Structures are given as structure tokens and as C-alpha cells.
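Asks: This is the structure I want to talk about, given as C-alpha cells.
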Amino acid sequence: MLPSSIPIPLPGGLHRPLPKFISVAQKFSTETLADIDAAIAKEFAKYSDIDFSGKSIAIGVGSRGIKQIVPVVSAVIRELKGAGAKPFVIPAMGSHGGGSAEGQAAVLTSYGVTEDAMGVPVKSSLDVVELGRINLDVPVFCDKYAYEADYIVMCNRIKPHTDFRAKHESGLIKMIAIGLGKHAGATALHFHGMGSFSELLPQAAKLFLIPVTALGPSTCRRSLAGP
């Protein structure tokens, strides 16, 4: 049985004067977008020569916190609709949301990314298509809805990862390789530990990007199932 108290002997006892404390505040420089709509419209304007009319476009939305995610996704949808496309939202969050289609849809709902708010379908599924294999015979998967779309847009953030250091950490590459890979893709890549991410994540992402046409930093990509 554990004792009710554990003695902690300290030389001189517990009663002694405290050192002086000084209140310190630190302000970090932060870049912000004053006009989200204008910033996203500017990026899409770079690809005005591409005909999106009637094209189905999967918009991947993750589970990591992005401030103003609803205005960001709404602006992307507005640009795509304005170009005549048929966008829809998919969760791109690996095994988050309890590793279930319902749980991942619930994560998006908690952020305010719903069919009613976005005005487009939200398609949540764990069905995947295997794209191929990389080093260590690791399979790489892609969300089936995204695979079948004409284009894929990733709404991602970029930041240092908390558990590993590499050229590509917590950003577009990881969201493509693991987020779009759903539960199957996340499991396959995490099996070898985060120490292998610096090697495996770029390899996995290349399987998405080799046969596609890149559309820029807002990360619109040509789907693998397209012509």
C-alpha cells in the first residue's frame, strides 16, 4: 500500500525565501493575410489558361489547425466554381478522426467545413487505390475519390514537425503522402517510424506527382486517373 505522504528531506527545510521573479513577454513576428479571397484569386489567376469546365476537383482538407480554414476553403471553392469546375471536399488526414470515414467527416464538421457551409459535397471514405511501392517495399495509397477526380487541391499548412527533422516536415508533402493515403497509407508509412520519414515521404509524394500537371503553391494537382 502506498504511504499517504512521501517525505522530501531538503537541507534547511521547506521554508526559505523565493528568488525574485520578473515578468517577461515575447512577441513573435507573424505574417498574416489581410484579404484571403484576393490572395487565393491571385494564385488561381496564374492558371487562367487551363479549362476547368466540367472538371471534378477533390479539395483535401486536413485535421491540423489552420486559422480561418472556412474562409480559405470557401475561397478555393468559389474560384473553382467560377472556372466552371465541379469541386467537392474530402478529408485528407491519414488515420485521424478515429480512423473512420464518419470520424473524419466529424472532424471537418467541427471546423465548420460542411456541405451546407461550403455548398459542395463532402465525400468521406477510407477506400483507397494503391499507387505503387517505394523503398522498404512500402505501399503508397490514394483516397479513391481523389484518385478518380480530374484534379486534386490540397489545403495544407506548412510548419516544422514536432518529432522529426528533414527538408520536408509537416506540410504539403506529408499531407499528400499520409493525408491522402488515409488510414492504410498512414499505417504503412508509420510502420517504419518517423526516423524514415525524411526518405519515405518525398518518395511517396513523387508517386502522386510524376504523372500529373502541377498547378501551383495552392497545390492543385492533376488526378492520377485522368488522361
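Since every read-out is calculated from the coordinates, none of them should be taken as a lab result. All figures in this text were calculated on a predicted structure; none of them were measured in a lab. Please note: Cβ atoms are built from the backbone with ideal geometry, for glycine as well, and neighbour counts cover all protein chains shown.
Asks: Ignoring everything except DSSP H segments at least 4 long, calculate the 222 nm mean residue ellipticity for the chain; use -39,500 (n - 2.57) per segment, divide by total residues, nearest 500.
Replies: -8500 deg cm²/dmol
Asks: OK, next. Under a GNM of the chain (C-alpha, springs under 10 Å), which listed residue has the highest mean-square fluctuation: G112, G82, G13?
Replies: So, out of G112, G82, G13, the one fluctuating most is G13.
Asks: Could you list which residues have their amide H under 5 Å from that of L131, counting only those 5 or more apart in sequence or on another chain, with H placed in the peptide plane?
Replies: Long-range HN contacts for L131: V140, F141, C142.
Asks: Taking 7 Å along the Cα-to-C-beta vector as the label spot, tell me the A25-E102 distance in nanometres, rounded to one decimal.
Replies: 4.7
Asks: Next up: What distance in nm separates the simple spin-label points at R157 and A45, each placed 7 Å from Cα in the Cβ direction?
Replies: Going by the 7 Å Cα→Cβ label model, 2.8 nm.
Asks: Applying a 10 Å radius around every beta-carbon, put 116-129, 32-45, 93-106, 133-146 in order of their mean neighbour count, most first.
Replies: Sorting 116-129, 32-45, 93-106, 133-146 by mean packing, highest first, produces 133-146, 93-106, 116-129, 32-45.
Asks: Read phi for every residue in region 59-69 and hand back ³J(HN,Hα) as whole Hz from Karplus 6.51 cos²θ - 1.76 cosθ + 1.60, θ = phi - 60°, with x for Gly and Pro.
Replies: Those phi angles translate into 9, x, 10, x, 9, 7, x, 10, 4, 6, 4 Hz.
Asks: Please work out how much length the chain gains when fully extended from L10 to K86, using 0.36 nm per residue of separation minus the C-alpha to C-alpha distance, in nm with one decimal.
Replies: 20.3 nm
Asks: Pairs to check: K67/K144; K81/K159; K86/K123; K67/K159; K55/K174; K55/K159. Give those whose C-alpha atoms are more than 24 Å from each other in this structure.
Replies: K67/K144; K81/K159; K55/K174; K55/K159, as the Cα separations exceed 24 Å there.
Asks: Pick from I59, I178, I69: which is most flexible by mean-square fluctuation in a GNM of the chain where alpha carbon atoms under 10 Å apart are linked?
Replies: I69
Asks: Can I ask one more? For the chain, find the longest principal axis of its Cα atoms and tell me its angle to the long axis of helix 36-45, 0 to 90°, nearest 10.
Replies: 40
Asks: How large is Rg/Rh for the chain, to two decimals, with Cα atoms and a Kirkwood Rh?
Replies: My calculation of the ratio gives 1.15.
Asks: Evaluate E = 1/(1 + (r/R0)^6) for S53 and S110, where r is the Cβ-Cβ distance and R0 equals 30 Å; express this FRET efficiency to the nearest 0.05.
Replies: After rounding, the FRET efficiency stands at 0.35.
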